[in-house]
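Working notes, beginning with the structure itself.
The values are calculated or read from the model by the stated rules, or taken from the named source; none is laboratory data. Everything numeric here is computed off the predicted structure, so don't read it as measured data. Cβ sites come from the backbone with ideal geometry, for glycine too, and all protein chains shown count toward neighbours.
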Amino acid sequence: MGLDHSIAKFLFERSKSAPLGRALILGRQNVYMTPSEVEDVRVWSGVSLRVGGFADDFFRALGATEISFLDRSRHEGADILHDLNRPIATNFHAQFDSVLDGGTLEHVFNLPVALKTCMEAVKKGGRLFIFSPANSMMGHGFYQFTPELFYRCLAPAYGFDSARWDLVRGQGPLRRWRSRGGGNAEASGTLCFGATREYQTYF
């Protein structure tokens, strides 16, 4: 789980319209960047990151007023202990302005329950960010996702709208989706996805 240059850029652009606010992050995020990428991020964000360190300061710079880390253990300082294969307690529903998955969902066997937990944790007007390998990552996790999965799950019928996509490899985008619809992810890359919860709904 980590923050690379492309994910940092995606989040930085999204935070211009709305700060992260009260944030729930799946696992504590390490900085996966080269020294030159760290310097580039410092130039446009003002945040000095450390290669291999944690990215907490970056999220605070994007307006995170409170950060909760969800994980199965306290190994990296998680304050919410939870197995994403199981439904989360209802007291966590609609509590967060931002929910961020920086590379966890593909490692959770019970994906429908894990994704539902992420969706339920977002409050009305809040945003869900998902960053996940799209292709050519054999052996990395249980799953590799296509945009179609998230278009269908994070749809208006379930209270989400205003989707924005990037498919990135290294420094530059391969393809860009700005609205619901098609697009084939033929090349390897990382899906960067953000969706806004427009209203509350019952699953």
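Below, the figures for the structure above:
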| read-out | value |
| --- | --- |
| Checking L115 against (1) within 13 Å of the chain's Cα centre (by Cα); (2) more than 15 Å from F145 (Cβ to Cβ), the condition it does not meet | (2) |
| A18 being modelled with pLDDT under 95, under 21 Å from R197 (Cβ atoms) and not in a helix (DSSP H, G or I) | yes |
| Scan of region 53-74 for residues that are at pLDDT below 95 and either within 26 Å of P35 (Cα to Cα) or of a type in the set (G, A, S) (or both), ordered by number | S73 |
| Counted residues, region 31-49 - those being over 14 Å from L62 (Cβ atoms), assigned to a helix (DSSP H, G or I) and either aliphatic (A, V, I, L, M) or touching a strand residue (DSSP E or B) at 6+ places or on another chain (Cβ under 6 Å) (or both) | 2 |
| Residue match in region 179-201 (condition: at positive phi and either among the hydrophobic types (A, V, I, L, M, F, W, C) or at pLDDT 70 or above (or both)) | no |
| In region 79-105, the residues that are surrounded by fewer than 19 Cβ atoms within 10 Å (Cβ to Cβ), within 17 Å of D56 (Cα to Cα) and in contact (Cβ under 8 Å) with a residue 24 or more places away in the chain | I80 |
